[in-house]
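Structure, as structure tokens:
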Amino acid sequence: MSSTRPHHVAVVGSGPSGFYAAAALLDADLDVRVDVLDRLATPWGLVRGGVAPDHPKIKSVSAQYAKTAARDGFRFFGHVEVGACDGEAHEPGCGRVDRAELLERYDAVIYAVGSQTERRLDIPGEDLPGSIASVDFVGWYNGHPDHAGLEPALDSERAVVVGAGNVALDVARMLVLPVDDLRATDTADHALEALARSSVRKALVCGRRGAAQAAFTTTELRELDKITGLAVRADPEQVPEGMADDESLAKGTRRNLEALRRWATTEPDPQADREIAFRFLRSPVEIRGEDRVEEIVLAVNRLETGDDGRVRAVDTGERETVPTGLVVRAVGYRGLPLSGLPFDEATGTVPHAEGCVEGCAREYVAGWIKRGPSGIIGTNKKDAHETVRHVLADLAEQEPSDRPSLEDTEKWLRERCPELVDQAGWESIDAHECGRGDTDGRPRVKVIEREEFVRLASA
Ligand SMILES: Cc1cc2nc3c(=O)[nH]c(=O)nc-3n(C[C@H](O)[C@H](O)[C@H](O)COP(=O)(O)OP(=O)(O)OC[C@H]3O[C@@H](n4cnc5c(N)ncnc54)[C@H](O)[C@@H]3O)c2cc1C
């Protein structure tokens, strides 16, 4: 034990919000040391495991995080899972630690664990083989170890993607892009192999509400124009003339409507052999099939504006059936509770005041687990800074700590998590992945297996 040690903060989760929080803590006037813990061997959260591989520029934000990791006072510990044990005593070697143990060792704990699961549709047939959540599909093509074994059904010509946001667009693009366009990316090898055999040529993207309520960002939408051989279709009745001129709509929405109207009224290239089609005002009500997905039943909706001004989709009773062998549900990510921390089931987030967890002194949240799955990567910076302001103010008020030293805490983590991957271990993994990528003309070739991570990290 030491009574003069610097402030010691644990950040749980090494995605964007964890890294922005760590950087802000290291920038502070106080002497703060930061341990970033992650259940995976690899840092960067959804930048590695979510952002589409054909968006390497966006993924390159990881270079900023690598700079933070190189700063004095920063330590990374991968293969450390926090809070998933529900009060059971932890044995050495279990790979898990819980929040009470973190609070014994750290002066403050910031949870930046993101949204690890997905909202359900709650309709019959949702669990038929061939119906998958985007969190699984996205994780699969990005080489997330939890989802590597997915085996999506890619044997039908048309896939249906349920959802009208950027994740739905990513999924649709990844399904119809010619595999040769992905060979220079960090798409996981198992996904490249499966996509090379895929029969999917058409993706139907369905949104519950109208074209004006879709959550796509214009850049992602317009990017579809750049894909050679891709026909993009929309229904002219769903994007009528003049819709994009409505000045009461946000600028981004109007730009989206312009793009959709153009696609609705222009004949696509007759040579195009792939297709993404948009269909709005449709909600899935049933997924049908004998022992796998064969078709999806969509309710046809109309829009109604409530007293609160919110535009709602209302079922007209009309139904439409679309034959397909693959349904990808992209209706929103959702946070998971951390045992012992309060949790709001309705929003899938941890209740907090500006990042300070309600009723839990010295515990904080940042990123998607704090505000829900919305915004772009940069949104997490401001969000993490708000949280860190409170952490620093609280640390400045704390009595000098007699909690364990940095060395003791590392020893304890290593005992508990024998497969622990530290910063030097991650750098070996990174060098190996990038080295293989150099040979193949790709940013990196991802390692997937836990044993391989451990082997490389200790090499
Ligand atoms: C499919 C998809 C594509 C996206 N594409 C873009 C894009 O192109 N551009 C853009 O700006 N934004 C994009 N985003 C949004 C962006 O990825 C998020 O804003 C951002 O990743 C949220 O950061 P976070 O740190 O809160 O969560 P995450 O990035 O999810 O990081 C959470 C981390 O916590 C770890 N963790 C979770 N539970 C535990 C636990 N119990 N113990 C220890 N560690 C744990 C996880 O392993 C993970 O590393 C995309 C999101 C998705 C889902």
Convex hull volume per residue in cubic angstrom - Cα atoms of the stretch 118-332 = 128
Amide proton proximity set for residue 421, modelled H, under 5 Å, gap of 5+ | 78, 79
Most exposed to least, judged by fewest other Cβ atoms within 10 Å, 360, 417, 94 sort to 94, 360, 417
Work out the P(r) tail for the chain: percent of alpha carbon pairs separated by more than 33 Å, whole number.
-> 41
Which pairs, out of 59/226; 57/381; 202/251, put more than 22 Å between their alpha-carbon atoms?
-> 202/251
At 25 °C and 0.890 mPa s, what whole-number value in µm²/s does Stokes-Einstein give for the translational diffusion of the stretch 144-237, with Rh from the Kirkwood sum over Cα pairs?
-> 170
For the stretch 266-353 the GluC sites (Glu not before Pro) that pass both the DSSP coil test and the at-most-10 other-Cβ-within-10 Å test are 290, 345
Between the stretch 341-400 and the stretch 114-186, the Cα center-to-center distance that results, in Å = 30
Would you compute, for the Cα atoms of the stretch 225-286, the largest minus smallest coordinate along each principal axis and list the three values in descending order, in whole Å?
-> 38, 33, 18
Semi-axes of the equivalent ellipsoid for the stretch 100-168, Cα gyration tensor, largest first, Å | 33, 14, 12
Which value in deg cm²/dmol, rounded to the nearest 500, describes the helix-derived mean residue ellipticity at 222 nm for the chain, given -39,500 (n - 2.57) per DSSP H run of n ≥ 4 and division by the residue count?
-> -9000 deg cm²/dmol
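Just so you know, all these numbers are worked out from the coordinates, no wet-lab data involved. The model shown is predicted, which means the values in this text are computed figures rather than measured ones. Virtual Cβ from ideal backbone geometry, glycine too; neighbours counted across all protein chains shown.
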